[in-house]
Amino acid sequence: MDSLFTLQYTCLLVFAMIMLQLIVSRLYLTSTTLQYEKSRLLLIATAIVLITHYALQIKFKLRANDNNVGTVFNMLFYPIASYFLACSIIQIQSSRKTTRRYVIIGLLACLAIVGVFGTGWIVTGSMALGYFRHIMFGIFAISMIYFIVSPTIILRRTTHRINDETGGDISPYDRYVSSSYRMLCMLALSMIFAITWRPALFVVGPLILLAIFLFVSSFVALGFNMASVKDVLDEDDANNTATDNISQDIINDDPTTVSAQQAEQISEILAQWVADGGFRDTSANISKLAKQTRISRIRLSQYFDQQLGFTFRVWLSGIRFAEAQRLIQVHPEYNNDTISVYCGFSSRSQLYKIFNDNTGMSPREWREMQSKSTTI
């Protein structure tokens, strides 16, 4: 009983601190998106649900007195918390239409669980619910799987889009996605069945606390680095861009291909964008490029795929890499920080990575090699 109390009390304190972290971090964020802030509120709601759950467990000693009652109580609160948490992931990753569909299905699942709990309690007169507990467990398991699988599918799709359509440092987003995967997998592999066997809770509980803490920390870090991905994450805005910002000079009867004439026109427009220094914007992405050039996002994607054979990210990285090489040769006195800023790299590590990928050397090693070549 003492160890169970310690686990429950630890969970209560951790989620209280997580809620405080989410609230306080808002004071320091100056540039986020509406979707991100909605996700923050959903995570705070998740923490409140779990704090309430553990407070009631501790006060009334539900699991301590009856393992079945404790299991029922877990099945009542965990799906609601998982629903809010999954909604927070989908809210920041998906379109309003997809989010709305998920919200409705998830809400119906939570209401079904609450309905079975209420019916079982009335019929049996006990919170252990009798055979209703098995019905509740079935709905609970299906709901938890849905809350886990749906965000995972959306994360995979969005990650592919982020990698293709952004040009800045996306490591904060990658960490957010990785922590999301870890947390969802942890829930998938353990929590559904661990609640039915008390000893498993002592193993699974601390691991899930760690996974959720890492997830929330990566979420907060993402809020400080939204500039390079927020336009691409806003699927609704991207779709509107594809409709409203198509240049009349580049409209084609076949919307699925880019003609030779179109390709030439787009190439000229992009060359002018590069000449104007558009690549120096560290937050450059395909959605922002579409707005600046008045070529639809879909058309640009078709151009990169069909005419160039690679993505916007590869194209922009090549331009920045070439400019970095030129600067190192023309201005050997420039340090790596200056070159990173001037070429549009959002961090020095991004400059190092692109040099390593293209030359197998660091910027300093490449600079020294060029210096030796010039001397010879």
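The values are calculated or read from the model by the stated rules, or taken from the named source; none is laboratory data. Note that this is a predicted model, so its numbers are computed, not measured. We place every Cβ from the backbone using ideal geometry, glycine too, and count neighbours over all the protein chains shown. Calculation scope for accessible area: heavy atoms of the full protein, side chains included, ligands and nucleic acids excluded. Shrake-Rupley method; radii C 1.70, N 1.55, O 1.52, S 1.80 Å.
Below are the figures for this structure:
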read-out: In degrees, nearest ten, helix 348-359 long axis to first principal axis of the chain (Cα); value: 60
read-out: Over 31 Å between alpha carbons, listed pairs K61/K97; K291/K353; K97/K288; K288/K353; K97/K291; K97/K353; value: K61/K97; K97/K353
read-out: Nearest-0.05 FRET efficiency for Y342 and Q292, computed from C-beta distance (R0 22 Å); value: 0.70
read-out: Using distinct alpha-carbon pairs, which all enter the 1/r mean, Kirkwood radius of the range 40-107 in Å; value: 13.0
read-out: Three-way shape call for the range 287-337 based on the alpha-carbon gyration tensor, with the a/c threshold at 1.5; value: prolate
read-out: Overall form of the range 124-217 per C-alpha gyration tensor (a/c, 1.5; a/b vs b/c); value: prolate
read-out: Label point distance in nm, Y131-K372, each placed 7 Å from Cα along Cα→Cβ; value: 8.3
read-out: Heavy-atom accessible area order for F193, F140, largest first, 1.4 Å probe; value: F193, F140
read-out: Projected label distance in nm at L27 and N67, using a 7 Å step from Cα toward the beta-carbon; value: 4.6
read-out: Shape of the range 11-52, Cα gyration tensor, a/c cut at 1.5; value: oblate
read-out: Rounded accessible area of S259 (nearest 10 Å², 1.4 Å probe); value: 40
read-out: Counting all C-alpha pairs of the range 321-364, share separated by more than 18 Å (%); value: 12
read-out: Convex hull volume per residue in cubic angstrom - Cα atoms of the chain; value: 165
read-out: Cα centroid of the range 72-88 to Cα centroid of the range 314-336, whole Å; value: 50
